[in-house]
Every structure is written in C-alpha cells, then in structure tokens.
Amino acid sequence: MRVRRLWARTRSVLLPLASLVVFLLLWQSLAVSGTWSETLVPPPAKVGDAFVDVSTTHAGVRGYNGTYLVEHLGISLRRIALGAGLGIAAGVLFGLLMGTVGWLRALFEPWITFLRTLPPLAYFSLLVIWLGINEEPKITLLAVAAFPPVAVSTTTAVAAVPRSLTEAARALGASRWNVVTDVVVPSALPETLTGVRLAVGVAYSSLVAAELVNGLPGIGGMVKDAANYNNTPVVLVGIITIGVSGLIIDGLLLRLERAVVPWRGRA
C-alpha cells in the first residue's frame, strides 16, 4: 500500500513534467522546420531570452515599457483581486437571496443568464465610454465577468438544500437567520466555492480584454502592446505568465476548498 501511494505521487509529478518536455520538443521542432518564420513561431530559447529581458534591466531598458514582468503581473493581480472580489461578493449575496426567495430568482435569473452569455469585449467599450480609461472600467469588467458563475452556483446550491434539514432546524427553534447561517450556508458552501473557482478563471480569461485600453503597466496590457509591434516572444512570455499564475491561483483555491469543506466527496 505504501509503495502504491509513493508511485501515485511520483507519477503525478512525472507525467506533467513529461508532457512539458514533449511540448517543448514539438515546439522546437516546429520552430526550426521553417514552416513559419521566427516572427510567427519563435523557438523556446528566444522566448526564454525575452523572459530575461522583461524581467531585468538590459541595455539601459528596465523590463518592458519601464516595468519589470513581476510588476506587470502584480498590477494585474491586484486588478483581478479587486474586480473578481467585488463580483464574487455580489454573486454570493444574490445567490443566497435568489435561492431562498422564489420571486427574486424569477426576477433576476434571466438577467444573470443574459449577462453570463455576453463576452467581455461586447460591453468593455461601453464601460470605457461611461467610466473613462483609468482603473474603473477594468475593475468593473472583471467584476461583471466574475459575478454570474458565483450567483448561478450559489443559487442552485441553496435551492438544492434538503427541505427536511431546514424544517428540522425550525422545529428545534432556530430563527430564519439561524437556518440560513447554520444550515443553508454550510450545505451550499461546496458548490459556492466551485463557483468562486470558475469566477476567478473567467476573470483571468477577461484580463487581456480588461487591459486593452490604458492597460500598461499590466500583464494583459504588455501582451496587447507587444502584439502591436509583432513582438511574438514577449506576447508568449505574457501568455505563459498568465497561464502559470492562473494554475497557481486555482491550486490555492482548490486547497482552500479542501480545507473549508473537507467533507466534500465523502459519503
């Protein structure tokens, strides 16, 4: 049993590393094949050089556009934390209300579904017209993008709480508030946390759109600006940075979910 567990852990590390090596080999093979120019498909080494350039001071130039890569990422993460945080908080609140009050669900659910189907670029220009080109439209877009997944998952989870549990709590003398805090919220928490993970992912996927206008400094703004000059290595550095940081954040949220709701998945 112990050997089997050790092999399972080793395999969980080796398989991702093996897939990464295969991906890099395929990338290198495609880059040197001559099918496309280096402007379109730069080799991994050139992307590595671009990573070093945007992370350090080289030839008197500080990072990219005067800002290091880690600083671009930090500014974008701050925007995501604020925007997604607001969207998640509003989504949980609306989900609790719609899950417990039937007429509120009938009133707001079609609008939330409508909002969920809209791509961020569809309304970002309108946000810029309304709110200007500073931080307000970026934060608002990320909040609007993060709101629907949490609202939908929380509403569904709250509505699915067994009525026998709420009736038993009321029979024991619990107030309506106690029923919500002691029965409804714990029962809905696993699905709500899944919605939070989805919301952060949606906000992350909306990052480049949020930083299309006046996005520098910012990792999405860096990608957009580099693309304007066909600087593919820097574009790839930005994309890889967004993806890796997204994986890390999702892993942290998954650990939080396991710590907060350890009973999930157990009979």
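One table, with the values for the structure above:
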| item | result |
| --- | --- |
| Per-region count, segment 84-128, residues hydroxyl-bearing (Ser, Thr, Tyr) and surrounded by 14 or more Cβ atoms within 10 Å (Cβ to Cβ) | 2 |
| Looking only at segment 243-258, and only at residues there that are of a type outside the set (A, V, I, L, M) and surrounded by fewer than 16 Cβ atoms within 10 Å (Cβ to Cβ), the one that is modelled with the lowest pLDDT | 258 |
| Selection status of residue 240, among the aliphatic types (A, V, I, L, M), at pLDDT 90 or above and open to solvent by 90 Å² or more (accessible area, probe 1.4 Å) | no |
| Residues of segment 36-83 that turn out to be more than 14 Å from residue 241 (Cβ to Cβ) and either aliphatic (A, V, I, L, M) or open to solvent by 30 Å² or more (accessible area, probe 1.4 Å) (or both), as a count | 22 |
| Every residue from segment 158-202 that is modelled with pLDDT of 90 or more and in contact with a Leu (Cβ under 7 Å, 6 or more places away or on another chain) | 196, 197, 200 |
| Selection count where residues are free of Cβ contacts under 8 Å to residues at least 40 places away in the same chain and either open to solvent by 50 Å² or more (accessible area, probe 1.4 Å) or farther than 19 Å from residue 46 by Cα (or both), scope segment 212-226 | 1 |
| Single residue of 188, 171, 160 found to be in contact with a Gly (Cβ under 8 Å, 6 or more places away or on another chain) and among the small types (Gly, Ala, Ser) | 188 |
| Helices (runs of 4 or more DSSP H) (entirely within segment 129-191) containing at least 1 residues that are within 22 Å of residue 220 (Cα to Cα) and open to solvent by less than 20 Å² (accessible area, probe 1.4 Å) | 135-159 |
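The values are calculated or read from the model by the stated rules, or taken from the named source; none is laboratory data. Since the model is a prediction, treat every value here as computed from it, not as a measurement. Heads up, the Cβs are rebuilt from the backbone with ideal geometry, glycines too, and the neighbour counts pull from every protein chain shown. Remember, those area values only see protein heavy atoms, side chains included, never the ligands or the DNA or RNA. Shrake-Rupley method; radii C 1.70, N 1.55, O 1.52, S 1.80 Å.
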